Amino acid sequence: MKALQRYQAEPKKLKIFEVPKPKVQKGFCIIKVVSSGICGRDIEHHNTRLPISKIPFTPGHEFSGIIDEIEKNNKFKVGDRVVSETVYSVCNKCKSCKKNIYNLCPKRKNIGGSVNGSFADFVKVPISSLHLIPKSISHDEAALIEPTCVAYNAVFMNSKINSNYKILILGIGTIGLLTAQMCKLKSQNIHLLCLKSEFNKIKIAKSLGFKKLLFFEDLDNSDYIKYNNYFDVVFDTVGGVSNTFNCALSYVIPNGQIIKLGWFMGKNKELNLDAIIRKSISVKGSFSHNFKIWEKCIKLVKNKKINLRKIIGRVDDLKNWKNSFNDVINKKYVKIILRS
Ligand SMILES: [Zn+2]
Ligand SMILES: [Zn+2]
């Protein structure tokens, strides 16, 4: 089969290779991959040096496909249209596993993170990670259920939102736009903070009905002062920078909530965290998702409560991965789907 693999530890050493198809084993199945989304994490990974022990490695963790091989099972069969959680294995012993929040298991291995992912013809996943997708959800949309679950976890599990709350979302990438859509199910007062140069993303945000846009470039303008101590809940979906978190600290009301989804990635040196104390803010991280969240999100997409179609900018063949990676890096599209 073909697989897009990291073949050296140095950054950007990625190429399509002919490799053996993964072998099915007890408790696992083989999925014929149909659609995979390119995630910011795949790009970050692409730009980072990897430990040599990890090479060769196939990225890709947002995907949908068709069951190709599976042991006799009363829930799934060959030919079923499915999505898979990103979890490959957990310890099943720690407190998180016992409480069924196995996404927080310290020993967790991830598909497309610590084991081979979906930028390939086939991917091996545990049967326990599978979810059926209804016919009304296309494979391309289904590939985006993973980031949808990330947003659901932040909004429905890790924050408390009343219908009169003012909400601010920092960042309008895939996670920002999905978080905004999740928030809309709870409150109608939603502001998005983005860069003026993010034309494509702004267009999508507006087409999804989000009209209240604030711009990073205008943060020093005097009319932005009114947003200090203004928002009940702030979601920071931006990764790799710290100034968005400083915005969150300024704009959240005393006793308000900040939910952090975008990784600092070590870039958190210029933070002034005293506001957490002075304003008595609740800061909550939100990471990944679990079985229940996946089932909820599939229902929300099926019932058209969440629009994934508008987020997909382009669909391309896996063999054109290089152009697509560049288009994501250059912020040409919010989300690109690669077809295997
Ligand atoms: Zn992702
Ligand atoms: Zn565990």
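Nothing in this text is a laboratory measurement; each read-out follows from the coordinates by a stated rule. Because the structure is a prediction, the values reported are computed rather than measured. A quick note on method: Cβ atoms are made from the backbone with ideal geometry, for glycine too, and the neighbour counts reach across all protein chains shown.
Peptides 101-108, 146-153 ordered by packing proxy, namely the average of other Cβ atoms within 10 Å per residue, highest first: 146-153, 101-108. Compared with the dominant Cα axis of the chain, that is its longest principal axis, helix 174-184 is turned about 60°. Computed over neighbours whose Cβ is under 12 Å from that of Ile336, the net charge equals 0, Lys and Arg +1, Asp and Glu -1. Roughly what percent of Cα-Cα pairs across the chain reach past 35 Å? The answer is 21 percent, as a whole percent. Stokes-Einstein diffusion of the stretch 159-285 at 25 °C, 0.890 mPa s viscosity, Kirkwood radius from Cα pairs, rounded to a whole number: 169 µm²/s. Remark: the Leu273-Lys72 segment gains 67.0 nm on full extension, using 0.36 nm per residue and subtracting the alpha carbon distance. The sum of -39500 (n - 2.57) across all DSSP H runs of n ≥ 4, divided by the residue count of the chain, sets its helix-only mean residue ellipticity at 222 nm to -6000 deg cm²/dmol.
When peptides 232-238, 271-277 are ranked by their average number of other Cβ atoms within 10 Å per residue, the highest-first order is 232-238, 271-277. Among the listed pairs Lys226/Lys284; Lys15/Lys203; Lys21/Lys260; Lys109/Lys269; Lys21/Lys54, a Cα-Cα separation exceeding 26 Å is found for Lys15/Lys203; Lys21/Lys260; Lys109/Lys269. If the limit is 22 Å between Cα atoms, which of Lys99/Lys296; Lys99/Lys302; Lys186/Lys212; Lys184/Lys211; Lys12/Lys322 go over it? Violating the 22 Å Cα-Cα cut-off are Lys99/Lys302. Working note: Karplus 6.51/-1.76/1.60 with θ = phi - 60° gives the stretch 63-71 the couplings 8, 9, x, 10, 5, 9, 9, 7, 5 Hz, where Gly and Pro are set to x.
Quick check: Cα centre of the stretch 259-290 to Cα centre of the stretch 1-57, how many Å? Rounded to whole Å, the Cα centres lie 30 Å apart.
Calculated FRET efficiency, Leu185 to Lys21, Cβ-Cβ distance, R0 = 51 Å: about 0.80 to the nearest 0.05. Once you have a ≥ b ≥ c as the square roots of the Cα gyration tensor eigenvalues for the stretch 56-136, tell me rounded if a/c is under 1.5, and otherwise prolate or oblate according to whether a/b is larger than b/c. Because a/c hits 1.5 or more and a/b fails to exceed b/c, the stretch 56-136 counts as oblate. Measuring r between the beta carbons of Asn200 and Lys292 and using R0 = 45 Å, the FRET efficiency lands at 0.85.
Checked against a 23 Å cut-off, the cross-linked pairs Lys299/Lys332; Lys160/Lys279; Lys196/Lys319 give Cα-Cα distances beyond that limit for Lys299/Lys332; Lys196/Lys319. Going by the alpha-carbon gyration tensor, a ≥ b ≥ c the square roots of its eigenvalues, is the stretch 14-102 rounded (a/c under 1.5) or, if a/c is not under 1.5, prolate (a/b greater than b/c) versus oblate? Here the stretch 14-102 falls in the oblate category.
All other residues whose Cβ lies under 10 angstrom from that of Asn92 are scored, Lys and Arg at +1 and Asp and Glu at -1, for a net of +3.
Placing pseudo-labels 7 Å out from each Cα toward the beta carbon at Lys54 and Arg309 gives an inter-label distance of 3.7 nm. Model label sites at Ser222 and Asp317, defined 7 Å from Cα along the beta-carbon direction, differ in position by 5.9 nm.
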